[in-house]
1. List the number of the failed condition for E122; all other conditions in (1) free of Cβ contacts under 8 Å to residues at least 40 places away in the same chain; (2) over 20 Å from N18 (Cα atoms); (3) of a type outside the set (A, V, I, L, M) hold.
2. Of all residues in the stretch 1-34, count the ones that are at pLDDT 90 or above, exposed (fewer than 14 other Cβ atoms within 10 Å of the Cβ) and more than 30 Å from E74 (Cβ to Cβ).
3. Exactly one of these conditions fails for C78: (1) in contact (Cβ under 8 Å) with a residue 24 or more places away in the chain; (2) under 22 Å from M4 (Cα atoms). Give me its number.
4. Would you say R73 is more than 17 Å from G124 (Cβ to Cβ), at pLDDT below 95, surrounded by fewer than 18 Cβ atoms within 10 Å (Cβ to Cβ) and out of contact with any Asp or Glu (no Cβ under 8 Å at 6 or more places or on another chain)?
5. Quick one: in the stretch 55-70, which of the residues that are surrounded by 13 or more Cβ atoms within 10 Å (Cβ to Cβ) and small (G, A, S) is farthest from the chain's Cα centre (by Cα)?
6. I'd like to verify a number: residues in the stretch 128-151 that are over 17 Å from F62 (Cα atoms), of a type outside the set (A, V, I, L, M) and within 14 Å of the chain's Cα centre (by Cα), how many?
Amino acid sequence: MGEMRLEELSAKTIVAANSLSLRPGQEQFVTPTSYAMAEPELNPVTQWQRVVLDASDVVVGFILANFDPDAAREEFRCALWRINVAAQAQGLGVGTFAAHGLAEEARSRGFTRLTTIWERGEDGPEQFFLRIGFTVIGETQYGENIGALEL
């Protein structure tokens, strides 16, 4: 994909981030039930939102994380909450680039583990998460995988 960079979500990039098109069948995997249920607990102060821009300054990805060392549930303390990559940019390293940027940020904040939750399914993100180093460490009450990446 060439050069990419992470940039904080802003008024300039939010429309493009919200308009990222996914591949057919991926829509059902955007927000696992566990995250949808916990979303009201998210504090804007603890959120980390970035877009991935390509060399032409086009938004090709979005990543949302939560850094809250006091969160009641361990899997929400340092968590990858959402990662979306435009359909035409999937498979070109955008998601890996964003996840590595998040891992770097987490390390700089003193975290030693990054977690995420995903639903199983043919068009879901499981293979991506496993490929970049997450391992399954448990399951939610809704049957979703809880994955961890040791930092």
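1. The failed condition is (1).
2. Number of matching residues: 6.
3. (2)
4. So R73 fits the description; yes.
5. Filtering first and then ranking leaves G61.
6. Selection size over the stretch 128-151: 3.
Every residue, every condition in (1) crowded, with 21+ Cβ neighbours inside 10 Å; (2) modelled with pLDDT of 95 or more; (3) of a type in the set (F, W, Y); (4) touching a Gly at 6+ places or on another chain (Cβ under 6 Å), yes or no:
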{"residue": "S108", "(1), (2), (3), (4)": "no, yes, no, no"}
{"residue": "D123", "(1), (2), (3), (4)": "no, no, no, yes"}
{"residue": "I137", "(1), (2), (3), (4)": "no, yes, no, no"}
{"residue": "E144", "(1), (2), (3), (4)": "no, no, no, no"}
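The values are calculated or read from the model by the stated rules, or taken from the named source; none is laboratory data. If you're wondering where the values come from, they're calculated on a predicted model, not measured in any experiment. Reconstructed Cβ throughout: ideal geometry from the backbone, glycine too, with neighbour counts over all protein chains shown.
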